[in-house]
Amino acid sequence: MIFIYNDYGGTHTTSLAAAYHLNQLPTNRPLSTEEILGVNYFNKLKTSDMGRLIFHGLDENGNPVYTLGRGSSKNVIPALSNLSHILQDKYQNTEPIVFSNTSPTVPFVMTIGGFLTKRLKLSAVGDPMLLTGAKQCCNLIRELVLHTKQTAASRSGTESVIVIDNKNFSS
């Protein structure tokens, strides 16, 4: 199974989701500033990294975990889903691919912080907002990852591509 966590920029909630998925973060308490800043790729990607699949590691079952910044396009995930189906059919590959949207977990303060930091290059103002937002949504992200894993585990044998919109995880 291949897991791909995706959102607008691919550097905040997706990085946290990948870290939770890979058991790199504590799940029994809120995250500290140091833990958030220690997450691979958290707030480290640029706009030019959008559309790039970033490998974060293998989970406890040997499944690869990736993240993806899809930008404002509503077409990226449907296109990747369609491409996945085509490649699986052509190469008789039955490896399921799970696309899990982390966007619903993004609190407003994180949206503003990301805009200030990434677009306006005002890190001194935006970074503290990103950290506040990450602390606000870390429980939701952890629950979203659990939901993603459970959905993938309970899939029917015929589903080779699973797209999870996660709208019920709104912050």
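Of the residues LYS121, LYS90, which is out of contact with any Gly (no Cβ under 9 Å at 6 or more places or on another chain), closer than 30 Å to THR33 by Cβ and either modelled with pLDDT under 95 or of a type in the set (Phe, Trp, Tyr) (or both)? Full working, then the answer.
On the way: LYS90 fails: closer than 30 Å to THR33 by Cβ.
Selected residue: LYS121, the only one of LYS121, LYS90 that is out of contact with any Gly (no Cβ under 9 Å at 6 or more places or on another chain), closer than 30 Å to THR33 by Cβ and either modelled with pLDDT under 95 or of a type in the set (Phe, Trp, Tyr) (or both).
Taken over region 130-142, the criterion of being open to solvent by 50 Å² or more (accessible area, probe 1.4 Å) and not basic (Lys, Arg) is satisfied by THR132, GLN136, ASN139. Screening ILE77 against (1) closer than 21 Å to GLU159 by Cβ; (2) within 13 Å of the chain's Cα centre (by Cα); (3) open to solvent by 30 Å² or more (accessible area, probe 1.4 Å) leaves a single unmet condition, (3). The residues on offer are SER171, SER160, and the sole one that is small (Gly, Ala, Ser) and closer than 26 Å to VAL39 by Cα is SER171.
Would you please name the residue that is nearest to THR132 (Cα to Cα), looking only at residues in region 21-40 that are among the β-branched types (Val, Ile, Thr) and buried (at least 19 other Cβ atoms within 10 Å of the Cβ)?
The first filter runs over region 21-40 and keeps only residues among the β-branched types (Val, Ile, Thr), leaving 27, 33, 36, 39.
So of that shortlist, the ones also buried (at least 19 other Cβ atoms within 10 Å of the Cβ) come out as 36, 39.
Working: ILE36: 10, VAL39: 15 Å.
Taking the candidates together, the pick is ILE36.
Residue pairs whose Cβ atoms lie under 8 Å apart, separated by 6 or more positions or on different chains, with the first residue in region 1-19 and surrounded by 24 or more Cβ atoms within 10 Å (Cβ to Cβ) and the second among the acidic types (Asp, Glu), are PHE3/ASP59; GLY10/ASP49; THR11/ASP49; THR13/ASP7; THR14/ASP7.
Of all residues in region 129-171, those satisfying the criterion of being of a type in the set (Val, Ile, Thr), outside any strand (DSSP E or B) and either under 19 Å from ASP59 (Cβ atoms) or in contact with an Asp or Glu (Cβ under 7 Å, 6 or more places away or on another chain) (or both) are ILE141, VAL145, THR148, THR151. Taken over region 62-79, the criterion of being within 12 Å of ASP7 (Cβ to Cβ) and touching a Gly at 6+ places or on another chain (Cβ under 8 Å) is satisfied by THR67, LEU68, GLY69, ARG70, GLY71, VAL76. Among the numbered conditions (1) in contact (Cβ under 8 Å) with a residue 60 or more places away in the chain; (2) surrounded by 17 or more Cβ atoms within 10 Å (Cβ to Cβ); (3) over 15 Å from ASP165 (Cα atoms), the only one that VAL98 does not meet is (3).
For region 143-164, filtered to residues that are open to solvent by 50 Å² or more (accessible area, probe 1.4 Å) and in contact with a Phe, Trp or Tyr (Cβ under 9 Å, 6 or more places away or on another chain), the residue that is nearest to GLN88 (Cα to Cα) is VAL163.
Every condition in (1) under 17 Å from the mean Cα position of the chain (by Cα); (2) open to solvent by 20 Å² or more (accessible area, probe 1.4 Å); (3) not β-branched (Val, Ile, Thr) is met by PRO107 except one, and the failing one is (2). Taking the stated definitions as given, is ARG52 among the charged types (D, E, K, R), surrounded by 19 or more Cβ atoms within 10 Å (Cβ to Cβ), out of contact with any Gly (no Cβ under 6 Å at 6 or more places or on another chain) and under 26 Å from SER123 (Cα atoms)? It is false that ARG52 is among the charged types (D, E, K, R), surrounded by 19 or more Cβ atoms within 10 Å (Cβ to Cβ), out of contact with any Gly (no Cβ under 6 Å at 6 or more places or on another chain) and under 26 Å from SER123 (Cα atoms).
The values are calculated or read from the model by the stated rules, or taken from the named source; none is laboratory data. Small disclaimer: the values here were computed from a predicted structure and weren't measured. Positions of Cβ are generated from backbone atoms using ideal geometry, with glycine treated the same way; all protein chains shown enter the neighbour counts. Keep in mind that these areas ignore ligands, DNA and RNA; they rest on the heavy atoms of the full protein, side chains included. Shrake-Rupley method; radii C 1.70, N 1.55, O 1.52, S 1.80 Å.
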